[in-house]
Structures are given as C-alpha cells and as structure tokens.
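Let me begin by presenting the structure, written as structure tokens, before commenting on it.
The values are calculated or read from the model by the stated rules, or taken from the named source; none is laboratory data. Values in this document were obtained by computation on a predicted structure and should not be read as measured data. Every residue, glycine among them, receives a Cβ derived from its backbone with ideal geometry; neighbour counts consider all protein chains shown.
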Amino acid sequence: MKRGRVTTFPYIVWMLIFILVPLVLVLYYAVTVTTPAGTVFSLQNFEKFMQPIYIKVLVRSIQLALVSTIICLLLGYPVAMILSGRDLSKKNILVLLFVIPMWMNFLLRTYAWMTLLEKKGLINTVLGFIGLPQINILYTDSAVILGMVYNFLPFMVLPIFSVMSKIDKSIIEAAEDLGSNSFTVFRKITLPLSLPGVVSGITMVFMPALTTFIISKLLGGSQYTLIGNLIEDQFMRVYDWNFGSALSIIMMLLIVISMAVMSRYDREDAGGGLF
Amino acid sequence: MTKVIKKLYLALVFMFLYAPVVILIVFSFNSSKSRANWAGFTLKWYLDLFKDKQIMSSLYYTIAVALLASLIATIMGTAAALGIHNMSRFKKSIIMNITYLPVLNPDIVTGISLMILFIFFKIKLGFVTLLLAHITFNVPYVILSVLPKLKQLNKHLEEAALDLGATPFYALRKVILPEIMPGVVTGFLLAFTLSLDDFIISFFTTGSGVSTLSITVYSMARLGINPKINALSTLMFITVLGLLLIINKRTSGNSIAKNTKEQKEMPNFYNPSSIEGEPLP
Amino acid sequence: MKNAKLAAILSILLTTAIFVTSCGKTSQNGKDGKEQVTINVFNWGDYIGETTIADFEKAYPGIKVNYEDFSTNEDMYVKIKTGASDYDVAIPSDYMIKRMIDEDLLCKINMENIPNYKYIDDRFKALSYDPDNEYSVPYMWGTVGILYNKTMVSEPVDSWKILWDEKYSKEILMQDSERDSIGVTLKMLGYSMNTKNIPELEEAKAKLIEQKPLVLAYVVDQVKDMMIGESAALAVVWSGDAYYCMSQNENLAYAIPKEGTNYWFDGMVIPKTSKHQKEAELFINFMCETNTAFNNAEYIGYATPHTEVIKMLDPDLTADRAAYPTEEDLENCEIFEYPGDEINREYGRIWTEVKAQ
C-alpha cells in the first residue's frame, strides 16, 4: 500500500538522524580504545566485560528486572481487565487517575517510599501501633523490586488495557452462549486476544527495568551495582566511555537475541518485533 | 460478589500508587526540611515557591517540552505505525528493531550520544535540542502503543469502507483512527509521562538556561530536596485532578443528551463504537 | 461529532503548547534597545541564596543570568569538557577544579577585577588544588566526619575504626561516593586519601568488602533524614549536613576522627568556553560581596570562607566545631586531588568491585 511510504517517511528520516547516528557513535566508542598512539580499533572493551564480577552484575540485573516484570504483569493484567470490563463506568477517568501519580517527580516519590519504609518510618509506626511485627525491607532487594514495580506498573497496564478495551464483546458473548464458563472464556479468548498488549507491556517494562539505577541507589541503599549503575559509572565517574559503550552494546545484543527467541513463539507477530 | 472483589483489588492498587503521593503532599506542609521530623504545619514553602524564579522557569519549560514533544511524537508515531503495519515483514522488522533502541538503551547512553550529535552539528544546546531529544525517546513508546491496536484491527474493515466508496483518507479518519484511538491516547499519555520525569537525557541535551523540573529536583540531591518542590508537586497534582473533574463533568453532561444503544456508557475515547455511527458520504 | 470534539481538544492542547512556548521565548529575549549580555551560571542544586540572582541582575541591569543546576561534579565536567554549552561561571569541587586546570579547561581569573577577594580568609588561599590563586575563588567549605547518635553509641567516637565495629552491624551509613568512602578507609589505615599506590588501594578495598555486611546503606543526601529519624547509629557526613542534623535532633553529635579527614571546598571558576569573561568576573565579585555572601551562607548552611560574613552569622553557629572546624581539628586533613585518569580508573574499579559483592 502506498500509504505505508508516505506516512512513515517523516519518522524514517527522524529515526536515521536521531537514533541511527547516535547508535553508530556508541558503536564507534565500543570498538575503539584511546592509546597513547591515538584511537585504535580493538575488542578490548568487550574482553574487559568477560570478568566474573561484571557477569555477576549483569546476572543480578537480569534477575531483578525479570522478577519485577513478572510481578508487574501479575498485578497489572487484572487491573487492565477490570478497567476495561464493561461493568465499570467512568473508564477513562480511572485510567487517567492511574497515570497521574507518574506525573509527580520520580525522585520525590521514591523518597516518599523511603519515608514509608524506614525502620522508624510510617508503615512501621502504624504496624507497631496495632501490634504487628515490623517490616524491614528497605535497603534490600525486595525494596528495589517494590520500587521497580511501582515505577513501571502503568507501563504494563496501559498497553494491555488499550488492547483489551477493544476486544469485541460479541465474541465473548458468543462463547458464553455456546456454554463456556468464565475461565475458559478467559483462557481461550481474552488471553490470546490481549497478547499484543501484553508483549508491548513486557517490552516497556523489562527493558528500562534492566538499565535502571536510581531505584537501586535509593531503595537498595546502593548496596549492589546493577548494570545500569555500572554503565553510568563508566560514563561519568571512571570516564571510560569506551567500556561504557561496549557494555551498552552487549546489553542491546542480549535483549535483541532474547526478543528474537520470544518472537519465534508468536507466529502472528511476524516481523513486528525484534528480529 | 466478583464486583466487590474487583473494586477492592482496584482500590488496593490505587492505594499502592497513591501512598507516596499522599506523603509527598503531607510533607509540603512540614515546617522542617527534613522528612524525619514533623515540626509543625506551615504554608511557607508555597509562598517561597512563587518567589523562586528558577523553579517557576523550570516548571514552564517542563510543561512546554512535555506537551509539545508528546503531541509531535504522537502524530509522527501514529503515522509511522500506520505505515509500518502495512510493510513487508523484512522492512518491518528492521524498522521495529531500530525503534526499540531508545527504549533499550540506558538513558545515559541516549543522552550522551544525542549530546555529541548536537555538538557535532554545531547546534547550540537549548530548548530546541531538548525538544528534539524528548521527541526521539517518546516516539517509540507511541509506536509500541499504537501497533497492537492496528494488529487487533480487522483489516477487512478498511477494505469494506473503500469498497463502499470512501477515499483512503476518509477511511483512515472515520474507520481506522477511531478504532486505534485507545492506542493513540495511551501513546500520548505514556510520552507525556516520560517527558515530565526524564532527567538524564534532558540534562545532557539542554542548555542556555533551559532547565526542567526533573533537573532541578535531581540537582538538589546533594543538599536535600527543598520542600518547595513538594509544594509545587502538590499544586500540580491538584490542578490535574481539578482538570480531570471538569472534563468528567463535561462528558457526563453530554451523555445525558445522547442515549446510547445498549449500554449507558458515557462517550469516551475508549469506546467510540458504542455511539451510533455516522453514514459514509 | 466525536471527532470534532477530539480535534477540538487536540488543537487546544497544541495551541496552548505553542502559545506557551513562544510567549516564554519573547520574554526571554530581554528588554529592547540596551546591549544585553547573558551569562550562564552552572551550580549545584539549591546552592545559592534565594534572591542572589535577582539581586545581581538588579545591580547590573545590562547582564542577564541563565542559571542551570547540576547534581554531581562529573555531570558538570562532561558538559563543560564536551563544549556543550558556553558556561561563564561554574562552581565545582576541589578535585574537579584541579582536574579542569590540568586539562586546560579554565580561564585565569584576573584577581584585580575581584576586589572583594580580600574578604576571603587567608587560610583558604593558596590551597593545594589552586596554589597560585589563579583559577578559583572559594565559595563554601567543610569537612567530612562521623555523625553519631549519642543514645545509640556508648563509647567515645574518635576514630574511623568505629565504622568497622561489629557491634553496630546494620547501623552504619557510608557515603555512596568512591572518593569519600575509599578515602575514609585509607585514612583509617594510615595512608593518604590521595594515594596512587595500588597495594594500599587494594588494602582499602579489602577493608571495605569486610565492612559491607555491617553497612545499612550507601547514601547521599538521605543520610540526613535517616540520622534525624534514628534509623542508624553512625554515618559519614559532611560538616554542613551534620550541623543541620544536630539542629533537628539533639541526640546527634559530630566528630572528626584523629586519623584526619577530608577537607573540601567548592570554588567558583570561569571555564574557557565563556564568552563573557568580564561579566563572569563581575558575578564572582558580586558573590563575594558581604551582603550576598551572607545571604548565601545563611540559606545554604555550610561554612563560608568570607571573613566579614563569619562575624555576621549567629555566634552559636560559628562557634560550633561541626560547622566551623578550628585549626586543630584540621591538622590531619587533606583536600582531594585528582589522581590522573589511570589511577582514577583504579579507584572506579575498586569501588565497583566492592559494590558488586
């Protein structure tokens, strides 16, 4: 269809300038090193990564991101379903209300979580008041996961919601008429039809979760270096842009490969995703 | 019964989302700068806020950039998604892979590489570069929001419209756009949210005195966040809530006039097909 | 009908955005007629008196100030080094100033144009990072020490070693800054904070790894709220922050360990990218004016190097050894230096290894 070319044109130009060119820059930094003799091509930066300590950092980041994404999915899918369900009026207001907390500065909200979760913070004060045991999750992995889920939940809910809100109700009615109970309806109709939204949601959560570092700095008490911290350090403190770029490229490759593997399972999604 | 569970669940999730916001608001009235010490109720931070030229300027730029960037990104992204949806598998996957890059990349890499790009082309850093950077990281999210809707679209709908004599543009406007509207609106909301909160990319691509709220807040990290920011956030929250209520009143007013077929749903972005369609020309 | 409403909303949003932007832009272009010079000032967040910029613009009507913030020295360094923006005045910390001098990123300041320089205490001139006073004018200073809760710590606090005491497991807060934390460890071991000796650094690394299970968190500014809220017993803090914490919670006290500590400065510099050096010098001079310096010091709460301002401040503040350390407190103190790119990477590597455990 001719329309494809015309409407995509502005974006393609944009993409070339603002995404591809910077990518080339990053690649350039990743494959070069500055020696006293000048800039030289080398895979040294990638070799540097192959040390147990950095691999450990990567693995931990992947674990945390994976757990957070799964929790987001488990928590967010029902929310999307409820919001798009027909027994609720005022749908769009609720959705907006869902997004609005995200418009308050993230740093501020994270600090607010710290006030809530501190040893002598609000939650513990209330718990102590009613006589329940204190919780001490601040500065542990659990707090980091909580922070990530908190931050990324709307990104999971919104795409799923927008897809689910347009699932043709008559299909569901037809299934019910033919004798399916709600569970089967969900399993055979709603779930498969909502998949494009789920995939989008997972993409929008997992990838940023992998490279985030502020949450682990504040809620995790900066106890652990995640790959996001590592990359930030390389660019800012250590000032080794070459290694930092190499790390980013490695991350990109990892994600591209895993998404390619995932897309094998989605015949219908042919060509719609990474690789 | 299930209705109650659903409402309860939703309420819990909302409480989870709003807990920090409530804390934030409460501490904007704390007369001590510290969040560990409640030293008494005061409105002084609100007064100080309006006297602070820097914060006001940051606020203004933040909203300007967020609105403009999300609008432009939504338009460009939706147009792109429409085209990408129809592409051959190979072209589609290449473009989608490249589109994912700003989402995948750590913010700092995007920020620094864009900064180098601007320096290379000798563009002075300022509002324009800031805007360009924001549009760049917003568009992928718009595309990611609109594409699933296009996939969901019944492709025969458009063919039917064309067969019935509509021009492609009319078919686009009256048939496709309403169907993908939830995706477009979602994309816009996501883009707006991202723009409001972005720090690193903004920091490296702005200059000439243009600063955003995020930069102002993160820069206070060394000395401690001044409660003026809490006050500002509270005011912003109340404003948005107020706007929401006004819009809500408006739409509910309209629905009384329009009685829909089966459901008494209010006209909203998310279900335009509940309203009687208009005949094609 | 639906589409019309949508189109209406969209166009209102778009128009508002464009209106709001262009409105702002015109009001920025300044007054007509007069030759307007605009200088770009780059500073830490919330690190200037509330009216200082406005006062400056009033005193010098031909100069407009674009004020930008940064959150770390490194952020500032990247923007200045890559020539991203032509900043006229920046306020980095000691080691960063040294690094910028070494990399030829700063202009020499003509001290004749800064008559108010005479107010800076002689103690703070000819510092190790700018020995000939050619590149910087001190702005604020302080020390790093141990803030502790008297009700939670029974013994006297006079050595860094207490931060390694198992008794205080999970009650210890360290700075999330490689120089500060590694520096503190080096001092405890008796070495210099600026050592370039790798074995010494490795020793420090081992000590930090040993300490890690005892550390509650590595923090930046949250340390203040945490100590005030009594979430921890001991913390490594900056003197200005310590004074603030003590004013909020009387159970807190500050100590400078006997092994010595870091003595830090933030100074005003003029990057080479500046196009208005004369106006930059006027700004720096203005910042050293007694009134302005007083407003700054009072608002920020850190120690000022300005001799007249010290006389004007609350005597309780200036007598407090946490906020204004005396000569004897400063005996073993060192200012951070930039150890050169290669050793800097070693510091970075060590810090990563400590954190990645």
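I'm checking my understanding of the structure. Among residues of the range C:194-226 that are at the interface with chain A (Cβ under 10 Å from one of its Cβ atoms) and among the acidic types (Asp, Glu), which one is nearest to C:Trp44 (Cα to Cα)?
In this case the residue turns out to be C:Asp221.
Counting residues that are more than 20 Å from the chain's Cα centre (by Cα), of a type in the set (Ser, Thr, Tyr) and outside the structural domain of C:Tyr87 (by TED's automatic domain parsing), which strands (runs of 3 or more DSSP E) fully inside the range C:195-300 reach at least 2?
none
Kindly indicate whether any position in the range C:54-68 is part of a helix (DSSP H, G or I), among the hydroxyl-bearing types (Ser, Thr, Tyr) and surrounded by fewer than 22 Cβ atoms within 10 Å (Cβ to Cβ).
Here is the first cut: in the range C:54-68, the ones part of a helix (DSSP H, G or I) are C:54-59.
Still in the list and also among the hydroxyl-bearing types (Ser, Thr, Tyr): none.
Checked the range C:54-68: no residue is part of a helix (DSSP H, G or I), among the hydroxyl-bearing types (Ser, Thr, Tyr) and surrounded by fewer than 22 Cβ atoms within 10 Å (Cβ to Cβ).
Quick one: how many residues across the range A:16-31 are more than 7 Å from chain B (Cβ to nearest Cβ) and in contact with a Leu (Cβ under 9 Å, 6 or more places away or on another chain)?
The qualifying residues number 3.
Quick check on the range C:255-271. Is at least one of its residues surrounded by fewer than 18 Cβ atoms within 10 Å (Cβ to Cβ) and of a type outside the set (Gly, Ala, Ser)?
Let us first name the residues in the range C:255-271 that are surrounded by fewer than 18 Cβ atoms within 10 Å (Cβ to Cβ), namely C:258-259.
Going one step further and asking which of them are of a type outside the set (Gly, Ala, Ser), we end up with C:258-259.
Yes, the conditions are met somewhere in the range C:255-271.
State all residues of the range C:115-157 that are aliphatic (A, V, I, L, M) and either part of a strand (DSSP E or B) or crowded, with 22+ Cβ neighbours inside 10 Å (or both); if no residue qualifies, say none. Working first, answer last.
Just the residues of the range C:115-157 that are aliphatic (A, V, I, L, M), to begin with: C:120, C:126-127, C:137, C:140, C:144, C:146-147, C:152-153, C:157.
Correct list: C:Ile120, C:Val137, C:Met140, C:Val144, C:Ile146, C:Leu147.
Counting just the residues of the range A:212-228 that are touching a residue at least 60 places away in the same chain (Cβ under 8 Å) and part of a helix (DSSP H, G or I), which one comes out farthest from the other protein chains (Cβ to nearest Cβ)? Break it down stepwise before answering.
Pass one, the range A:212-228, residues touching a residue at least 60 places away in the same chain (Cβ under 8 Å): A:212, A:214-216, A:218-221, A:223-228.
Still in the list and also part of a helix (DSSP H, G or I): A:214-216, A:218, A:227-228.
Details: A:Ile214: 8, A:Ile215: 13, A:Ser216: 10, A:Leu218: 7, A:Ile227: 8, A:Gly228: 6 Å.
The extreme case among them is A:Ile215.
Being modelled with pLDDT under 85 and closer than 30 Å to B:Pro106 by Cα is the filter here; which residues of the range A:166-199 pass it?
A:Pro196
Restricting to the range B:192-228, count the residues that are crowded, with 24+ Cβ neighbours inside 10 Å and of a type in the set (Lys, Arg).
The number of residues fulfilling the criteria is 1.
When the range C:145-164 is examined, which residues are found to be of a type outside the set (Ser, Thr, Tyr) and closer than 29 Å to C:Asn344 by Cα? I'd like the intermediate steps shown before the answer.
Residues of the range C:145-164 that are of a type outside the set (Ser, Thr, Tyr), as a first pass: C:145-147, C:149-150, C:152-153, C:155-158, C:160-164.
Within the range C:145-164, C:Gly145, C:Ile146, C:Leu147, C:Trp160, C:Lys161, C:Ile162, C:Leu163, C:Trp164 qualify.
Please tell me if A:Met114 is surrounded by 17 or more Cβ atoms within 10 Å (Cβ to Cβ), facing chain B (nearest Cβ under 7 Å) and either within 25 Å of A:Ala209 (Cα to Cα) or of a type in the set (S, T, N, Q) (or both). Break it down into steps so the answer makes sense when it comes.
Values: surrounded by 17 or more Cβ atoms within 10 Å (Cβ to Cβ): yes; facing chain B (nearest Cβ under 7 Å): no; either within 25 Å of A:Ala209 (Cα to Cα) or of a type in the set (S, T, N, Q) (or both): yes.
Here the answer is no, as A:Met114 does not meet what is asked.
Would a scan of the range A:99-106 turn up a residue that is more than 8 Å from every other protein chain (Cβ to nearest Cβ) and either farther than 27 Å from C:Leu173 by Cα or β-branched (Val, Ile, Thr) (or both)?
Let us first name the residues in the range A:99-106 that are more than 8 Å from every other protein chain (Cβ to nearest Cβ), namely none.
No, because not a single residue in the range A:99-106 is more than 8 Å from every other protein chain (Cβ to nearest Cβ) and either farther than 27 Å from C:Leu173 by Cα or β-branched (Val, Ile, Thr) (or both).
Would you mind stating whether C:Gly267 is on the phi > 0 side of the Ramachandran plot and in contact (Cβ under 8 Å) with a residue 12 or more places away in the chain?
no
Could you figure out which of (1) facing chain B (nearest Cβ under 9 Å); (2) touching a Gly at 6+ places or on another chain (Cβ under 8 Å); (3) modelled with pLDDT under 90; (4) surrounded by fewer than 20 Cβ atoms within 10 Å (Cβ to Cβ) isn't true of C:Asp46?
Condition not satisfied by C:Asp46: (4).
Taking the range C:126-164 on its own, how many of its residues are among the charged types (D, E, K, R) and free of Cβ contacts under 8 Å to residues at least 12 places away in the same chain?
Summing the residues that are among the charged types (D, E, K, R) and free of Cβ contacts under 8 Å to residues at least 12 places away in the same chain in the range C:126-164 gives 2.
Please go through the range B:221-235 and give me each residue that is in a helix (DSSP H, G or I) and either more than 13 Å from chain C (Cβ to nearest Cβ) or among the polar types (S, T, N, Q) (or both), ordered by number.
B:Asn230, B:Ala231, B:Leu232, B:Ser233, B:Thr234, B:Leu235, listed by residue number.
Name every residue in the range B:102-132 that is facing another protein chain (nearest Cβ under 8 Å), buried (at least 21 other Cβ atoms within 10 Å of the Cβ) and touching a residue at least 24 places away in the same chain (Cβ under 8 Å), in order of residue number.
Once the filter is applied, which keeps residues that are facing another protein chain (nearest Cβ under 8 Å), buried (at least 21 other Cβ atoms within 10 Å of the Cβ) and touching a residue at least 24 places away in the same chain (Cβ under 8 Å), the range B:102-132 yields B:Pro102, B:Asp107, B:Ile108, B:Thr110, B:Ile112, B:Leu114, B:Met115, B:Phe118, B:Leu125.
Per-residue answers, yes or no, for (1) surrounded by fewer than 18 Cβ atoms within 10 Å (Cβ to Cβ); (2) more than 18 Å from C:Asn116 (Cβ to Cβ); (3) among the β-branched types (Val, Ile, Thr):
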| site | (1), (2), (3) |
| --- | --- |
| C:Phe283 | no, no, no |
| C:Cys288 | no, no, no |
| C:Asn296 | no, no, no |
| C:Tyr299 | yes, yes, no |
| C:Tyr302 | no, yes, no |
| C:Met312 | yes, no, no |
| C:Pro315 | yes, yes, no |
| C:Thr318 | yes, yes, yes |
| C:Pro325 | no, yes, no |
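Would you confirm whether any residue within the range B:64-73 is more than 8 Å from every other protein chain (Cβ to nearest Cβ), in a helix (DSSP H, G or I) and either farther than 21 Å from A:Pro101 by Cα or aromatic (Phe, Trp, Tyr) (or both)? Before the answer, list the steps.
First, pick out the residues of the range B:64-73 that are more than 8 Å from every other protein chain (Cβ to nearest Cβ): B:65-66, B:69-70, B:72-73.
After this cut, where a residue has to be in a helix (DSSP H, G or I) as well, the list is B:65-66, B:69-70, B:72-73.
Filter again for either farther than 21 Å from A:Pro101 by Cα or aromatic (Phe, Trp, Tyr) (or both), leaving B:72-73.
So far as the range B:64-73 goes, yes, one or more of its residues are more than 8 Å from every other protein chain (Cβ to nearest Cβ), in a helix (DSSP H, G or I) and either farther than 21 Å from A:Pro101 by Cα or aromatic (Phe, Trp, Tyr) (or both).
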